[in-house]
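The values are calculated or read from the model by the stated rules, or taken from the named source; none is laboratory data. Because the structure is a prediction, the values reported are computed rather than measured. In this analysis, Cβ positions are derived from the backbone assuming ideal geometry, glycine residues included, and neighbour counts consider all displayed protein chains.
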């Protein structure tokens, strides 16, 4: 009986193993590895073009920022709370126009004290001068001792010094009181207001900025590979999209020092005054380049997401995404590739079914 049970168990185990092998496909013919095709499915097709060497010239457009060459950062000279504002950002102002007022009660009190001190010093000076003149006359008649004369002279000189100090103290108090009224240093536009009513103004704290509109210009960073194209006087086109401004200009200055991290140079091009132009706005600067041998591909092949530029490259039956850096835009719809591609590589420009 025991032997029969063992045989039955062995048969059951064998049947279970066979079932598991069957479920794993052990009794089916093998399918070669790779991509499995399905009846009626079309193989995706792509349209490619080779990255080519071309003798090209074209325009390069770079980003920049509108700045003002002539700008004043008006700061407080005294300690006090801002109690009145006469202007706001965007307002036009004239030289010496009142911009704001700082609480001047304490400064007015110091001025009053200085005035009182000066009056007292003047009274002491008058008395000591009269005493000195009397002692001088008596000394000349030999009616008083020289020591009495010298003492009178010393008191007179001390009174003179005290009157001078009191006058200087009053002048300083008046100056401090005048600093409580902040005025415009020149004709211009208020660019930014940095404090509000009730804020504490401290010496050196920036209160607002004023710039001269006719001094605005576009400052842009340009790749150092274009340095040979950019010199003082080079013709450029400057655009500020948000202000709907587009102007012909020329390079005013090329900063000779290179930016090591970005490998760029800084150029500056003046802008003519127009409504809406203000420091801080985004702008572009476009310049033309001379013919040179470059790698070019159709502009449509470049995908741009933020600051990232990519292309799809067909290589050995696969599609790879490649990061690139573009340069000049050509008149025939092509763009220069500065890095990321080699001549002869197949770039995908479209795909279909």
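Here is how the numbers come out for the structure above:
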quantity: Condition met for residue 228 (in a helix (DSSP H, G or I) and surrounded by fewer than 20 Cβ atoms within 10 Å (Cβ to Cβ)); calculated: yes
quantity: Residue within the range 160-170 that is loosely packed, with under 15 Cβ neighbours inside 10 Å and in contact (Cβ under 8 Å) with a residue 40 or more places away in the chain present; calculated: yes
quantity: Failed item in (1) loosely packed, with under 15 Cβ neighbours inside 10 Å; (2) more than 30 Å from residue 210 (Cβ to Cβ); (3) modelled with pLDDT of 90 or more, with residue 282 passing the rest; calculated: (2)
quantity: Any hit, the range 101-109, residues being surrounded by fewer than 13 Cβ atoms within 10 Å (Cβ to Cβ), modelled with pLDDT under 90 and under 39 Å from the mean Cα position of the chain (by Cα); calculated: yes
quantity: Criterion (within 52 Å of the chain's Cα centre (by Cα) and without any contact (Cβ under 8 Å) to a residue 40 or more places away in the chain) met by exactly one of 201, 178; calculated: 178
quantity: Candidates 236, 189, filtered to the one that is in a strand (DSSP E or B), within 25 Å of the chain's Cα centre (by Cα) and free of Cβ contacts under 8 Å to residues at least 60 places away in the same chain; calculated: 236
quantity: Where residue 82 falls short, out of the listed (1) under 29 Å from residue 170 (Cβ atoms); (2) touching a helix residue (DSSP H, G or I) at 6+ places or on another chain (Cβ under 6 Å); (3) not in a loop (DSSP other than H, G, I, E, B); calculated: (2)
quantity: Residue within the range 101-112 that is over 26 Å from residue 172 (Cβ atoms) and part of a helix (DSSP H, G or I) present; calculated: no
quantity: Those residues of the range 240-286 which are over 18 Å from residue 228 (Cβ atoms), free of Cβ contacts under 8 Å to residues at least 12 places away in the same chain and assigned to a strand (DSSP E or B), in sequence order; calculated: 246
